[in-house]
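Please read the structure below before turning to the comments.
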Amino acid sequence: MIAAPHHLTEVGVAEGHSCASNITSKPNNSTIMKTITLAVLALATAFTGFAQQSNTSNTNENVRLAYEAYVSVADEYALKVQRIHDLSRTMHQSDNPESVKIEIENLQRELLALRDKAIIDRRNSVASKKAEMVTIYEFDETKRTLRLKDFDYNFEPVSAQLNVKFDTRAMGNAHVVLVTPGKVMLQNEALNNFNGSYEGHFDLSKDALLEYYLHIEIDGKVTTKKIQIG
């Protein structure tokens with residue numbers, strides 16, 4: 001994918017200053033083509049940045065959301081680019097070139113506003129998608145029908161890994177679930193034919209909290225342990 005420069009010349013979009021003053025009274029064909037190409041690429045720059053700057057793990061999903069944000073303003077953007085093109089070609093024939101210049105400057109600002117709208121739409125889409133992906137894990141942290149022995153944990157700051165181990169007499173199907181204090185499920189480990197001895201590892205590199213809950217269920221019996229980091 002081609003990334004366009006952030007600052008455009010001629011009658012294209014240029015953030016922070018007006019480019020209309022650079023229009024000569026008789027723009028040649030190469031100038032016009034450069035103008036249109038750069039103006040169209042301005043929005044493509046924002047689109048490219050969406051995919052490159054995202055912190056989401058699903059790259060394909062991020063590109064899709066960025067594309068949807070781009071498409072949402074593309075038609076209006078193209079019309080304004082065409083209008084700038086037409087004005088630049090006919091400005092030297094106008095009875096009031098200054099008014100044409102002002103209209104071009106206004107169109108440039110509108111193009112920047114559309115680009116910003118695409119960025120905001122994309123961010124809102126990503127935020128909405130993340131909200132849909134959150135799983136609330138309901139449990140009663142005061143309910144303790146499962147007895148553990150030798151429960152222990154430690155946190156490795158360098159690798160951001162939480163290590164947990166415990167033993168119990170309970171056996172059967174087991175679930176070990178790591179959740180936030182707000183009961184958002186972070187990791188869920190299912191164990192079939194659990195034999196009574198557990199040693200697990202949890203990656204906390206994406207969840208920098210100081211407190212977690214570890215909910216353990218084995219063969220219908222449950223208990224919850226508070227995990228404090230630091």
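Only the coordinates and a few stated rules stand behind these numbers; no lab work does. Owing to the predicted nature of the structure, the values given are computational and were not obtained by experimental measurement. With ideal geometry, Cβ positions are generated from the backbone for all residues, glycine too; neighbour counts draw on all protein chains shown.
Rounded to 0.05, the FRET efficiency of the LYS221 and ASN154 pair, given R0 = 30 Å and the Cβ-Cβ distance, is 0.75.
Overall shape of the range 149-188 was characterised from the C-alpha gyration tensor. The equivalent ellipsoid obtained from it has semi-axes of 21, 16, 9 Å, in decreasing order.
Modelled spin labels at ASN195 and PHE139, positioned 7 Å past Cα toward Cβ, are 2.4 nm from each other. Per-residue extension of 0.36 nm, minus the Cα-Cα distance of ALA78 and GLN161, leaves a gain of 24.9 nm for this segment. Where Rh is the Kirkwood radius over the Cα pairs of the range 139-230, the temperature 20 °C and the viscosity 1.002 mPa s, what D in µm²/s does Stokes-Einstein return? Estimated via Stokes-Einstein, D reaches 160 µm²/s.
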